[in-house]
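Here the structure comes first, spelled out in structure tokens, and everything after it is commentary.
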Amino acid sequence: MLMPMLFFIDDDAAAHTFHKIMAKKAEYKDQDLHCFMSVDEAMNCINAIIESGDFTSWPSHIFIDLNMPLKTGYDFVAEFEAVLPAADQTPELYFVSSSKNPVDIEKVAKLDLIKGFETKFLQKEFFAAIKN
């Protein structure tokens, strides 16, 4: 079982701050919360973990903003799926968005790797629930 390690991928620094506060209120430790401002930044970290072979910092959960500039949440999922076979365990992936576009919700539902589509902003209760 992976220790709870949360990765947040979002181009909004305020969203990172809010989610970290809520996760800490649910008793996550600061060192287990990692924020990335872009898909490329997150993938660089993930690839470094895979290349090192040390999965102690492998995420248990990844929260991905759906709509980001340059690369979207969908781009992240495609890139992550390509490297996933090199990892021993698959984290739970969630799209987190302020969008309630039915097209996005339907598209996300078809992605096997995505566990859920959550509306920003995630609350303490959500983080407490996924910890167990």
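Every read-out reported here was derived from the displayed coordinates using simple, explicitly stated rules and does not represent laboratory data. In this text the structure is predicted, and so the values were computed from the model without any measurement. A quick note on method: Cβ atoms are made from the backbone with ideal geometry, for glycine too, and the neighbour counts reach across all protein chains shown.
Taking a cut-off of 15 Å between Cα atoms, list the aspartates and glutamates near Lys120, but don't count ones fewer than 8 places away on the same chain.
Once the sequence-local aspartates and glutamates are set aside, what remains near Lys120 is Asp10, Asp11, Asp12, Asp65, Asp104.
Which three semi-axes in whole Å describe the equivalent ellipsoid of the stretch 86-127, each the square root of 5 times a Cα gyration tensor eigenvalue, listed largest first?
Working: eigenvalues 81, 54, 8 Å².
They are 20, 16, 6 Å, listed from largest to smallest.
Any chance you could tell me what percent of the C-alpha pair distances in the stretch 1-76 go past 19 Å? Numbers along the way, then the final one.
Working: 987 of 2850 pairs.
When every Cα pair of the stretch 1-76 is considered, 35 percent fall beyond 19 Å.
Taking 1 over the mean of 1/r across every pair of different Cα atoms in the chain, what Kirkwood radius in Å do you get? Don't jump to the answer; show the numbers that get you there.
Values: mean 1/r = 0.0673 Å⁻¹.
Computed over the chain, the radius equals 14.9 Å.
Sort out for me the Cα centre separation of the stretch 1-34 from the stretch 49-74, rounded to whole Å.
If we compute the Cα centre of each part, the gap is 13 Å.
Highest mean first, what order results for 97-103, 6-12 on Cβ atoms within 10 Å?
The most tightly packed comes first, giving 6-12, 97-103.
When you count, for each residue, the other Cβ atoms within 10 Å and take the mean per peptide, how do 50-63, 110-123 rank with the highest first? Show your work: numbers first, answer last.
On the way: 50-63: 16.3, 110-123: 14.4.
Result, highest mean first: 50-63, 110-123.
Under a point spin-label approximation (7 Å from Cα along Cα-to-Cβ), what is the Glu125-Lys25 distance to one decimal in nm?
1.1
Mind checking which of Thr90, Ala13, Ala48 is farthest towards the positive end of the chain's charge dipole, using Cβ charges of +1 (Lys, Arg) and -1 (Asp, Glu) about the Cα centre?
With unit charges placed on the Cβ atoms, the residue in question is Ala13.
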